[in-house]
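The values are calculated or read from the model by the stated rules, or taken from the named source; none is laboratory data. As the structure is a computational prediction, the values presented were derived from the model and not from experiment. Here the Cβ positions follow ideal geometry from the backbone for every residue, glycine too, while neighbour counts run over all protein chains shown.
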Amino acid sequence: MRQKPPEPLGSEITSESLYLRRREFIKSAAFFTGTAAAVGAGLQLLSNRPTGGDGPSLLATPGEAPKVVRPRGPYDTDERATSYEDATTYNNFYEFGLDKGEPAENAHTLKPRPWTVVIDGEVNKPQRVDMDTLQSWFPLEERVYRMRCVEAWSMVIPWLGFPLAGLLRRVEPTSKAKYVAFTTLKDPEQMPGQKYPVLDWPYVEGLRLDEALHPLTLMAVGMYGRVLPNQNGAPLRLVVPWKYGFKGIKSIVRISLTEKQPPTTWNRSNPREYGFFANVNPEVAHPRWSQASERRIGELRRRPTLPFNGYAEQVADLYKGMDLRGNF
Ligand code: MTE
């Protein structure tokens with residue numbers, strides 16, 4: 001694996017070969033055209049849906065009960081999904097290298113099973129739970145979300161997962177809980193990039209409790225109808241679609257409820273450039289580039305960036321009265 005001197009986000013250069021690989025434009029609606037068995041009140045089986053890519057099917061995972069997804073929800077976008085190939089070969093996962101193509105090449109060393117997740121801190125019912133057990137607690141939903149990276153590129157991804165709110169309610173936050181802190185696995189054998197001091201390992205992230213409880217906030221275990229590929233954060237990854245992509249911490253081993261605002265990796269690494277909130281905001285430029293527009297992977301022309309990444313109607317109230325420049 002190549003290692004370069006530490007470089008903050010935003011170092012990517014658009015390569016022509018990437019454009020040449022942009023094919024397979026899959027309409028998000030197409031994910032629902034496969035054989036859908038009605039289960040209970042309009043639930044769909046995940047089987048037989050055209051998905052693209054050749055990762056294992058969720059249903060093919062040994063020992064797993066059939067998983068169901070709800071029909072499309074109120075938050076789904078109709079925008080065309082990014083191709084599976086692009087979403088799984090153009091990644092940020094510094095534990096496996098700094099170039100966009102390196103996680104796909106290197107993340108085979110990560111072993112997403114068996115996997116234990118600890119949920120602790122300010123909760124009445126702390127848990128140390130096997131990933132398969134955790135996943136069995138919730139029906140899986142498909143959510144088609146926009147993802148806007150702070151580097152000014154974006155994708156549309158059909159995630160499979162469950163709302164974080166359900167998990168948090170299950171462990172019963174105490175009255176002291178105000179924030180949720182997330183931690184990625186720290187194991188330099190599985191994550192060779194951690195042998196280099198590129199970031200302060202393990203990668204950590206955090207949300208305010210009301211953000212974590214918002215119905216848009218998802219814990220993803222899959223994408224495109226498949227198990228989450230290692231390079232996308234297997235086996236468990238956070239998705240907060242109105243925030244910059246770096247909030248979407250991958251390969252989570254610990255979720256802790258806290259009284260105080262937890263540290264976050266990019267804020268710690270460069271507080272002038274990366275804030276705790278990291279809400280997508282076209283009006284607040286990154287110190288080194290504008291955030292007013294973005295390059296949607298698979299498209300040639302830039303498009304305007306929307307406040308809260310187009311989810312303002314759902315989430316703007318969370319920040320009423322807050323100075324969004326100061327709290328960037
Ligand atoms: N999580 C960990 N543990 N390590 C990382 O380097 N990169 C973040 C985020 N989660 C990162 C991480 C960044 S900067 C982005 S934009 C998204 O993951 C990228 O997700 P993707 O590769 O699935 O598109």
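Among the residues of the range 133-183, those that are of a type in the set (Lys, Arg) and without any contact (Cβ under 8 Å) to a residue 60 or more places away in the chain comprise Arg169, Arg170. Determine which single condition Thr82 fails, assuming it passes every other condition in (1) in contact (Cβ under 8 Å) with a residue 24 or more places away in the chain; (2) surrounded by fewer than 17 Cβ atoms within 10 Å (Cβ to Cβ); (3) within 13 Å of the ligand (Cβ to nearest atom). Unmet for Thr82, out of (1) in contact (Cβ under 8 Å) with a residue 24 or more places away in the chain; (2) surrounded by fewer than 17 Cβ atoms within 10 Å (Cβ to Cβ); (3) within 13 Å of the ligand (Cβ to nearest atom): (2). Within the range 256-269, residues that are on the phi > 0 side of the Ramachandran plot and surrounded by 20 or more Cβ atoms within 10 Å (Cβ to Cβ) have Cβ atoms under 8 Å from residues that are assigned to a helix (DSSP H, G or I) and modelled with pLDDT of 95 or more in no pair, counting only partners at least 6 apart in sequence or on another chain. Residues that are in contact (Cβ under 8 Å) with a residue 60 or more places away in the chain, within 9 Å of the ligand (Cβ to nearest atom) and not in a strand (DSSP E or B) within the range 229-254 comprise Pro229, Gln231, Asn232, Gly233, Tyr244, Gly245, Phe246, Gly248, Ile249, Lys250, Ser251, listed in sequence order. Just one residue in the set Thr265, Thr217 is touching a helix residue (DSSP H, G or I) at 6+ places or on another chain (Cβ under 9 Å) and more than 14 Å from the ligand (Cβ to nearest atom); that residue is Thr217. Applying a threshold of 7 Å to beta carbon distances and a minimum spacing of six or more residues, or different chains, the list of pairs starting in the range 92-118 at a residue that is without any contact (Cβ under 8 Å) to a residue 40 or more places away in the chain and ending at one that is surrounded by fewer than 19 Cβ atoms within 10 Å (Cβ to Cβ) and not β-branched (Val, Ile, Thr) reads Pro114/Asp130.
I'm trying to understand the selection: among the residues of the range 103-151, which are within 11 Å of the ligand (Cβ to nearest atom) and not in a loop (DSSP other than H, G, I, E, B)? Please lay out each step first, then the result.
First pass over the range 103-151, keeping only residues within 11 Å of the ligand (Cβ to nearest atom): 103-104, 107, 110, 147-151.
Scanning the range 103-151 gives Pro103, Ala104, Ala107, Met147, Arg148.
Among the residues of the range 279-302, is there at least one that is among the hydroxyl-bearing types (Ser, Thr, Tyr) and surrounded by 21 or more Cβ atoms within 10 Å (Cβ to Cβ)? No: the range 279-302 contains no residue that is among the hydroxyl-bearing types (Ser, Thr, Tyr) and surrounded by 21 or more Cβ atoms within 10 Å (Cβ to Cβ).
How about the range 279-305: which of its residues are out of contact with any Gly (no Cβ under 9 Å at 6 or more places or on another chain), within 15 Å of the ligand (Cβ to nearest atom) and closer than 17 Å to Trp153 by Cβ? Correct list: Gln291, Glu294, Arg295, Arg296, Ile297, Gly298, Thr305.
Does any residue of the range 284-303 turn out to be without any contact (Cβ under 8 Å) to a residue 60 or more places away in the chain, outside any loop (DSSP other than H, G, I, E, B) and under 20 Å from the mean Cα position of the chain (by Cα)? No; the residues of the range 284-303 include none that is without any contact (Cβ under 8 Å) to a residue 60 or more places away in the chain, outside any loop (DSSP other than H, G, I, E, B) and under 20 Å from the mean Cα position of the chain (by Cα). Taking each residue of the range 205-223 that is in a loop (DSSP other than H, G, I, E, B) and looking for partners that are modelled with pLDDT under 95 with beta-carbon atoms closer than 7 Å, six or more apart or interchain, yields Leu216/Tyr75.
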